[in-house]
Amino acid sequence: MRLLFLGPPGAGKGTQAVRIADRAGIPHIATGNMLREAVAAETELGLIAKDIMAAGDLVSDDLVIGLLNDRIAREDAAGGFILDGFPRNVAQAEALVQALGDDALDAAVLIVVDDDEIVRRISGRRTCPQQHVYHVDDNPPRIAGICDQDGEALIQRDDDQAEVVRNRLDVYREQTEPLVAFYEGRGLAIHRIDGVGDLASIEAAIASTLGLS
Ligand code: AMP
């Protein structure tokens, strides 16, 4: 099963993609996580990506497409995967067609959330260095400020600051949202899911629409 998760920043794509990937037994492939790892490890790619990400802009297609192609070529992705945060524009979607062929994806999940709710969510989002994600109100850790899974201190991402969030939303509307029409035009099933509600109910709605419940 090859799935694509689409939606604005803060829609809960990553959180739900992890849960659905677990259910389906396929890897969750998130280019944002891979880029943050590269930044933390100060690799050549990370050094290039760091300031671009902090401003909420997109890292160049060539770099991200190379990263993604290497990742989907790995053995654990042979039985399928969930893409989260890629493609981010039509050029990346075309590159995916080149890598995998025209009918490579089985379905897309589009998580729908309005802008006010996105700003509220992102401003409360906290992550640990291993990229486990929490929300101070909606999904708090058991001990405030500490990751349940590895005991590390939670921080706010640089690009989760209000000014940068506004830019990320603009980038989403201008570059990423046109992918909905791109994929609809190619006959891909796009499942629209209301991203407001408790995490378990949203997960159940996605699982049910994908036949995974
Ligand atoms: P995300 O975790 O998906 O919100 O991504 C965080 C940041 O990483 C984005 O704001 C971009 O700067 C960068 N990024 C992630 N995925 C991509 C992509 N497919 N193309 C370009 N930049 C990306």
Compute the distance from the alpha-carbon center of the range 1-25 to that of the range 71-121, in whole Å. 9
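Given Cβ point charges of +1 (Lys, Arg) and -1 (Asp, Glu) and nothing else, what value in debye, to the nearest 20, does the dipole of the chain about its Cα centre take?
On the way: 20 positive and 36 negative charges, 70 e Å.
Result for the chain is approximately 340 debye, rounded to the nearest 20.
What translational D, rounded to a whole number of µm²/s, comes out for the range 111-162 from Stokes-Einstein when the hydrodynamic radius is the Kirkwood one over Cα pairs, at 37 °C and 0.692 mPa s? Let's see the in-between values first.
Details: Rh = 11.4 Å.
D, rounded to a whole number, is 288 µm²/s.
Rank these by accessible area, largest first, 1.4 Å probe: I190, I155, I52. Mind showing how you got there, number by number?
Values: I190 25, I155 95, I52 50 Å².
The residues order as I155, I52, I190, largest area first.
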What list of ³J(HN,Hα) values in whole Hz, one per residue of the range 36-44 in order, does the Karplus curve 6.51 cos²θ - 1.76 cosθ + 1.60 (θ = phi - 60°) give from phi, with Gly and Pro shown as x? 5, 4, 5, 5, 5, 7, 6, 6, 4
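Quick one: if the Förster radius is 22 Å, what FRET efficiency do A204 and Q161 give, using the C-beta to C-beta distance and rounding to 0.05? Could you put the intermediate results ahead of the total?
Values: r = 33 Å, r/R0 = 1.48.
That gives a FRET efficiency of 0.10.
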Grab the eigenvalues of the alpha-carbon gyration tensor for the range 61-207, scale each by 5, take roots, and send me the semi-axes largest first in whole angstrom. 28, 19, 17
If you take the charge dipole of the chain about its Cα centre, with +1 on Lys and Arg Cβ and -1 on Asp and Glu Cβ, which of L110, P27, A204 is farthest toward its positive end? A204
Per-residue ellipticity at 222 nm attributable to helices in the chain (runs of n ≥ 4 DSSP H, -39500 (n - 2.57) apiece, nearest 500 deg cm²/dmol) works out to -13500 deg cm²/dmol
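Starting with the highest mean, order 39-47, 103-111, 11-19 by the number of other Cβ atoms within 10 Å, averaged over the residues of each peptide.
Working: 39-47: 13.3, 103-111: 18.0, 11-19: 23.1.
My ranking of the peptides, most packed first, is 11-19, 103-111, 39-47.
Among the trypsin sites (Lys or Arg not before Pro) within the range 123-158, which fall in a DSSP loop and have no more than 14 other Cβ atoms within 10 Å of their own Cβ?
Listed in order of number, the matching sites are R142.
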Once Lys and Arg get +1 and Asp and Glu get -1 on their Cβ, which of V171, T43, P8 lies farthest toward the positive end of the dipole of the chain? P8
Projected onto their principal axes, the Cα atoms of the range 1-93 stretch, largest extent first, over whole-Å spans of 35, 29, 26
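Charges at C-beta only: +1 for Lys and Arg, -1 for Asp and Glu. How large is the resulting dipole of the range 46-171 about its Cα centre, in Debye rounded to 20? Walk me through the numbers on the way to the answer.
Values: 12 positive and 26 negative charges, 77 e Å.
Charge dipole of the range 46-171: 360 debye, to the nearest 20.
Please state the charge dipole magnitude for the range 1-97, taken about the Cα centre, from unit charges on C-beta atoms (+1 on K and R, -1 on D and E), reported in debye and rounded to the nearest 20. Working shown, then result.
Details: 9 positive and 13 negative charges, 96 e Å.
Dipole size: approximately 460 debye.
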Calculate the spin-label point distance for A189 paired with S60, positioning each point 7 Å from the Cα along the beta-carbon direction, and give it in nanometres. 3.9
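The values are calculated or read from the model by the stated rules, or taken from the named source; none is laboratory data. Computed from a predicted model, the values in this text were never measured in an experiment. Every residue, glycine among them, receives a Cβ derived from its backbone with ideal geometry; neighbour counts consider all protein chains shown. Accessible surface is based on the protein model in full, side chains and every heavy atom, while ligands, DNA and RNA are left aside. Shrake-Rupley method; radii C 1.70, N 1.55, O 1.52, S 1.80 Å.
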